[in-house]
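Some notes on the structure that comes next.
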Amino acid sequence: MRWYWRVAMAALGGLSSYFAYPSPALWPLIFLTVPVILASIRGAKFWAAVGLGIIAGFCFYAAQITWISQYLGPRPLLILAGGQGLLMGLFLGIIAVVWRRLDDRLTGPWRHILPPFAVACIWMLRDWISSNYPYGGFPWTRLAISQSNSPLAKWVYFGGMGLLTLIIVITSVLILESIRSWRAGKRRWQMSHGAIAVAILFAVPMVTVVPTNAENGYLTIGGAQGNGKAGLFAVHARGEILMNHIEATRRLLAKADTPPLDLLVWPENGADLSPLNEPDANVLMTNLVNSEVKAPLIFGTLWQRSDKIYNSSIMWEPGKGATDWYDKKILVPFGEYLPDRAFWYPVAPDLVDLIRGHWTPGTREGIFKVKGKPVGTVICFEVSMDSNWRDLIAEKAEVVLAQTNNADFGHSDEAYQQLAIARLRAIESGRSVVNVSTVGPSAIFAPDGSELAAIKAFTRDGLWAKVPLRTSITPAMVIGPLTDRAYNLFALVFILFGGLDWLRSIRRRRAQRRNA
């Protein structure tokens, strides 16, 4: 393949990912994105594949996270997409080498079975590094997220987002190799791989029924979406966001079909004046909960304690006030805190000066007790972190709240991507998920990912649902951490094999030249 075709395919593969992820959510297109990216580096030498991978990686990330430049301009987008592109380029170069080595060394059925698995494991290792490093990682663009509204979403019930991503890559390799075989006239080989791809994709989800029955009763949970200028970079009147959510709460309570609530949830930063620091806000919250809601309210606010500021979720109970809290544990770098200031300030001093958050990470687990039932919570970006979710299930959470503030990202796709993650988390953990945003969209998902209630974006309103409480542990919660390690181990084995074989081939060629 000529180099310009490879470059075009790398760019096209990366850019096409935009349409596969929410909000376009044309999920079958992920099976264009990944095969085309892999086709661009198939058969290429290491450094050529690295260069192609950088192009594909940059386009892949830039296509999906344009929202990061909503208020701060193009530089954050270029830095994040560029850094992730470099990482993807390195690993696509490794994939190209290992793939060629396996083609050269394997015979028989193993020639068709092992390479897709090897490519997928190496992709997963890159995914794991990207999701954890640096500064806690950026897991926002995992391939699994593109499948939140597809039948394939049920794969996460068995092994989490990692397993679904693995399946997508394996299937993509089979699709690519099927096309190559068809072009080479090997129709029998092509048809068998096509059948395998279809079986892998749909057989398991078609026969899987994710349980949604209540195992420990129900809770009637409501949520209020204030639809105000609640972003970190927004300008609003003092107390405006608090009043917006009080109004949204009253609209919910005024609906004829709203039953008495067991719990009401506001989003992250739902109270711009903390009732724990502001006497006027304390009076407003006390009157609202005691006289109108008449049930516990869990709301997000910035809480100053001593000389530290926490991004907190507070439980306020009728007649008692604040009884429990959770401080966000995984803060967003360059938004809620600034890592390595000495390094980054010279790079973009004007952007660094805009960062208002210098908050302190929490240490408590996000578990509240509502009517004696353990209710878990994550705050905003934490919904994308595997560790947070697994910790909540280990702490016996029977339903999970996802409180978020999407106001800084305007009408971009960020909130829809986050909602997709929340839906997958519901299936993965077998728990109902109440995702409440400042500006929306907000939704309540059943344990199988089905939507129980929803509010459109940029609407001031409330929603409620009677959610089942579940105690069973899904396969994903049991084997997810183990499979993550297994993928990485297999990837390292394949990389070691490919690297050693590559070095041996270099030595042989040098020896041949010397002898000649």
Output for the stretch 451-516: trypsin sites (Lys or Arg not before Pro) sitting in coil per DSSP, at most 13 other Cβ within 10 Å, listed by number, reads LYS456
Within the stretch 453-506, chymotrypsin sites (Phe, Trp or Tyr not before Pro) in DSSP loop having at most 12 other beta-carbon neighbours inside 10 Å: none
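Can you tell me what percent of all Cα-Cα pairs in the stretch 218-471 are more than 27 Å apart?
Numbers: 9701 of 32131 pairs.
Across the stretch 218-471, Cα pairs with separations above 27 Å total 30 percent.
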Per residue of the stretch 168-179, in order, report the coupling 6.51 cos²θ - 1.76 cosθ + 1.60 (Karplus, θ = phi - 60°) as ³J(HN,Hα) in whole Hz, putting x for Gly and Pro. 4, 5, 4, 4, 5, 5, 5, 4, 4, 5, 5, 5
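Highest mean first, what order results for 127-137, 49-59 on Cβ atoms within 10 Å?
Going by the mean number of other Cβ atoms within 10 Å, highest first, we get 49-59, 127-137.
Computed over the Cα atoms, what is the radius of gyration of the stretch 379-516 divided by 2.2 N^0.38 Å, N being its residue count? Working shown, then result.
On the way: Rg = 23.0 Å, N = 138, 2.2 N^0.38 = 14.3 Å.
So the stretch 379-516 has a normalised radius of gyration of 1.61.
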So what is the relative contact order of the chain, in percent, for Cα pairs below 8 Å that sit 6 or more residues apart? 17 percent
Here, the chain modelled as identical Cα point scatterers in vacuum has Debye log10 I(q)/I(0) at q = 0.09 Å⁻¹ of -0.66
For the stretch 130-139, 3J(HN,Hα) per residue [Karplus equation, 6.51 cos²θ - 1.76 cosθ + 1.60, θ = phi - 60°, Hz, x = Gly/Pro]: 4, 7, 10, 9, x, 6, x, x, 9, x
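Give a quick list of trypsin sites (Lys or Arg not before Pro) in the stretch 325-377 that DSSP marks as loop, anything other than H, G, I, E or B, with at most 12 other Cβ atoms within 10 Å.
Details: sites: LYS328, LYS329, ARG341, ARG356, ARG364, LYS369, LYS371; in loops: LYS328, LYS329, ARG356, ARG364, LYS371.
Loop-located and lightly packed - ARG356, ARG364, LYS371.
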Nearest 500 deg cm²/dmol is fine: what mean residue ellipticity at 222 nm does the chain get from its DSSP H runs of n ≥ 4 alone, each adding -39,500 (n - 2.57), divided by its residue count? -16500 deg cm²/dmol
Per-residue ³J(HN,Hα) for the stretch 466-477, Karplus 6.51 cos²θ - 1.76 cosθ + 1.60, θ = phi - 60°, Hz, x for Gly and Pro: 8, 9, x, 9, 10, 10, 5, 9, 6, x, 4, 6
Taking only C-alpha pairs under 8 Å that are 6+ residues apart, what is the relative contact order of the stretch 218-471 in percent? 23 percent
What angle do you read, to the nearest 10 degrees and between 0 and 90, between the alpha-carbon axis of helix 414-429 and the longest principal axis of the chain? 90 degrees
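If I take every Cα pair under 8 Å that is 6 or more residues apart in the stretch 397-454, average their sequence separation and divide by the length, what percent do I get for the relative contact order?
Details: 99 pairs, mean separation 20.3, N = 58.
Here the relative contact order equals 35 percent.
Report the charge-dipole magnitude of the chain in Debye, nearest 20, computed about the Cα centre from +1 at each Lys and Arg Cβ and -1 at each Asp and Glu Cβ. Could the numbers behind the result be given before it?
Values: 51 positive and 37 negative charges, 613 e Å.
Dipole magnitude for the chain comes out near 2940 debye.
Coordinate-derived values only; no laboratory data. Quick caveat: nothing in here was measured; it's all calculated off a predicted structure. Cβ sites come from the backbone with ideal geometry, for glycine too, and all protein chains shown count toward neighbours.
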